[in-house]
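The values are calculated or read from the model by the stated rules, or taken from the named source; none is laboratory data. No experiment lies behind these values; they were computed from the predicted model shown. Reconstructed Cβ throughout: ideal geometry from the backbone, glycine too, with neighbour counts over all protein chains shown. To get the accessible areas, we keep the full protein, side chains included, count just its heavy atoms, and leave off ligands, DNA and RNA. Shrake-Rupley method; radii C 1.70, N 1.55, O 1.52, S 1.80 Å.
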Amino acid sequence: MEEKVVNQQEEETRIQGDVIIVGGGLAGLSAAATLAKKGKKVVVLERATLGGRAVTINMKGFAFNFGAHAIYGRDSSYLRRLEKELDIQIDWRDFNPDKAKYGIGEGLTDVPVNVKGLFKTKLLKASDKVKFTYEILKTMTKVEKGDPHISISKWMEDKEVNEEVREMMLTLASSNFFTRQSEQIPSDVFFKYYSRLFTTQKPVAYIGGGWQALIQELERVILENDGMILQKTKAESVLTEDARITGVQTSKGVVMGEEFVFCIPPTDLVKVFEETKITDSLKQYASYSPSYVYVYDIGLKNRVDVPYSYIYDKQSKIFITDISYYDETCTPPGGQLLQAIAYLNEEDLKNKDVLDEYHAKIEALYDQHFSGWREELVIPRVSKRAIAQQLKWVMTQQALPVFLPDYRNLFFAGDWCEGQGQLSELSFSSAYQASQHILQKHK
Ligand SMILES: Cc1cc2nc3c(=O)[nH]c(=O)nc-3n(C[C@H](O)[C@H](O)[C@H](O)COP(=O)(O)OP(=O)(O)OC[C@H]3O[C@@H](n4cnc5c(N)ncnc54)[C@H](O)[C@@H]3O)c2cc1C
């Protein structure tokens, strides 16, 4: 397998494929695997190494995943669909809702990841639970779909939702949408998400072996189906003819193809399409700001055993996941890997003092909930400005469509595109849609 992935500098000027996929993150790899499995000759161009933001970093025997690699509503997810259609192995590790807690001041209470959790949580009074469940039930029966032009906050105001239910909905949304600005989420996005999450049997699941296990599987399918993967190959510009793309100029030569799927973020897209008219349609998306998070993981020598595996601190909007509780392969024997994530505001990014405050707050939460961790610390891993999702769910931002009406052989995928769910689910679902459009065209 190795030999086929190495950079084939000499040959690249002659490379031709049915479908050229630019970007080797989850979106690019899943689109490539789907198309290769259906007999298309795919060529993947990745400027760095495979995985993109879905990276696993191995240090001192710990496998730190960028993000908790949590898959939401796995039974109805696109990743589940890929698992079946591509025949890839995914070692699902289901989340235990009984071990998920909200930190509310000094105490802890259950996180309502499903209707059962809703009735156990102390975040709501009994009467409010009924009201909230009623709202959720309405969305499940599709009576309440929300409105793309109305934020969830405005929706609640219009419906005169009481303060406690409002608080609860916004807290839930904050922890699920990776945002401090949950009141700005469009109401239709909010309801679509919860109607799926509350009906699923598998609200959250992790992937055993982390992102790297999934990346290897997708890579395997591509290579087994005669696909080509060119790493360290940057797409620099495109060649066009009328309203068609004909090739991609890369750092190592031209790659020609019939269809093109660009799975690179909007800021990179505008650079690649700079010389073409397409760039005007893309600029708007490149101007949006992503959802940033502060990540602070710790690898511990011995487990600090506590009765919970996930805590979301309501006030600071920071959550901690005991990744090793779900995936023991990410630590040396007996060890523990905890991951803390804080949602950032745009302004926080430039302010070192504010970022230092997040660091201190995370340590304080580790102290509060995993007392003794300092003595067990083997290795920390910090990422101060990570992009959890390129698309931020606020009323002023929109997802990039999977294709533009004027360009017949150009498609887009990634977590900045129209699709289902959040985070990687947006990448998988948009990649799947782009692949299906191409397969339909060439039936
Ligand atoms: C801290 C953190 C926590 C997260 N937690 C979760 C989680 O729990 N669950 C979940 O589902 N998701 C999670 N995510 C989100 C998930 O990682 C992303 O949604 C997903 O990896 C995005 O994949 P993508 O392919 O859409 O984009 P990317 O990963 O950004 O891939 C784009 C690729 O394009 C390449 N590229 C860019 N420009 C060029 C060019 N000109 N030529 C060639 N290649 C180029 C890049 O190198 C990159 O590999 C998390 C992310 C972070 C950062």
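Filter segment 272-283 down to residues that are open to solvent by 40 Å² or more (accessible area, probe 1.4 Å) and in contact (Cβ under 8 Å) with a residue 24 or more places away in the chain and give me whichever is farthest from SER175 (Cα to Cα). Here the residue is GLU275. Given (1) within 21 Å of SER430 (Cα to Cα); (2) more than 11 Å from the ligand (Cβ to nearest atom), where does HIS69 come up short, assuming only one miss? It is condition (2) that HIS69 fails.
Apart from one condition, TYR343 fits all of (1) at pLDDT below 95; (2) open to solvent by 30 Å² or more (accessible area, probe 1.4 Å); the exception is (2). Considering segment 195-266, the qualifying strands (runs of 3 or more DSSP E), each wholly inside and each with 2 or more residues that are in contact (Cβ under 8 Å) with a residue 12 or more places away in the chain and small (Gly, Ala, Ser), run over 235-241, 253-262. Entry remark, segment 403-430: residues being under 17 Å from the mean Cα position of the chain (by Cα) and farther than 25 Å from SER175 by Cα number 1 in total.
Considering (1) modelled with pLDDT of 95 or more; (2) open to solvent by 40 Å² or more (accessible area, probe 1.4 Å); (3) closer than 27 Å to GLY209 by Cβ, the lone condition that PHE403 does not fulfil carries the number (3).
Just to be sure before I move on: is ASN58 more than 7 Å from the ligand (Cβ to nearest atom), surrounded by fewer than 21 Cβ atoms within 10 Å (Cβ to Cβ), closer than 30 Å to GLN336 by Cα and of a type in the set (S, T, N, Q) in the structure I sent? It is true that ASN58 is more than 7 Å from the ligand (Cβ to nearest atom), surrounded by fewer than 21 Cβ atoms within 10 Å (Cβ to Cβ), closer than 30 Å to GLN336 by Cα and of a type in the set (S, T, N, Q). Exactly one residue out of GLN398, GLN436, GLN368 is modelled with pLDDT of 95 or more, more than 16 Å from the ligand (Cβ to nearest atom) and surrounded by fewer than 18 Cβ atoms within 10 Å (Cβ to Cβ): that is GLN436. Kindly provide the set of residues from segment 22-55 that are under 15 Å from the mean Cα position of the chain (by Cα), within 7 Å of the ligand (Cβ to nearest atom) and either in a loop (DSSP other than H, G, I, E, B) or among the aromatic types (Phe, Trp, Tyr) (or both), ordered by number. Those that are under 15 Å from the mean Cα position of the chain (by Cα), within 7 Å of the ligand (Cβ to nearest atom) and either in a loop (DSSP other than H, G, I, E, B) or among the aromatic types (Phe, Trp, Tyr) (or both): GLY24, GLY52, ARG53, ALA54. Only a single item in (1) of a type in the set (Gly, Ala, Ser); (2) surrounded by fewer than 21 Cβ atoms within 10 Å (Cβ to Cβ); (3) more than 26 Å from MET168 (Cβ to Cβ) is not met by GLY299, and it is number (2). Taking the conditions (1) modelled with pLDDT of 95 or more; (2) open to solvent by 50 Å² or more (accessible area, probe 1.4 Å) in turn, GLY227 satisfies each one other than (2). Evaluated against (1) without any contact (Cβ under 8 Å) to a residue 24 or more places away in the chain; (2) touching a helix residue (DSSP H, G or I) at 6+ places or on another chain (Cβ under 6 Å); (3) assigned to a loop (DSSP other than H, G, I, E, B), TYR308 falls short on exactly one condition, (1).
A quick yes/no check of all residues on (1) modelled with pLDDT of 75 or more; (2) hydrophobic (A, V, I, L, M, F, W, C):
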{"residue": "ILE104", "(1), (2)": "yes, yes"}
{"residue": "GLY107", "(1), (2)": "yes, no"}
{"residue": "LEU137", "(1), (2)": "no, yes"}
{"residue": "GLN201", "(1), (2)": "yes, no"}
{"residue": "GLN212", "(1), (2)": "yes, no"}
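Taking segment 85-120, which residues are open to solvent by 70 Å² or more (accessible area, probe 1.4 Å) and more than 20 Å from the chain's Cα centre (by Cα)? Result: GLU85, ASP87, ASP98, GLU106, LYS116, PHE119, LYS120. Within segment 402-418, the residues that satisfy the criterion of being at negative phi, outside any strand (DSSP E or B) and within 15 Å of the ligand (Cβ to nearest atom) are VAL402, ALA413, ASP415, TRP416, GLU418. Number of residues in segment 53-86 that are in contact (Cβ under 8 Å) with a residue 60 or more places away in the chain and among the acidic types (Asp, Glu) equals 1.
Name the residues in segment 56-66 that are assigned to a loop (DSSP other than H, G, I, E, B) and touching a helix residue (DSSP H, G or I) at 6+ places or on another chain (Cβ under 8 Å), would you?
PHE66
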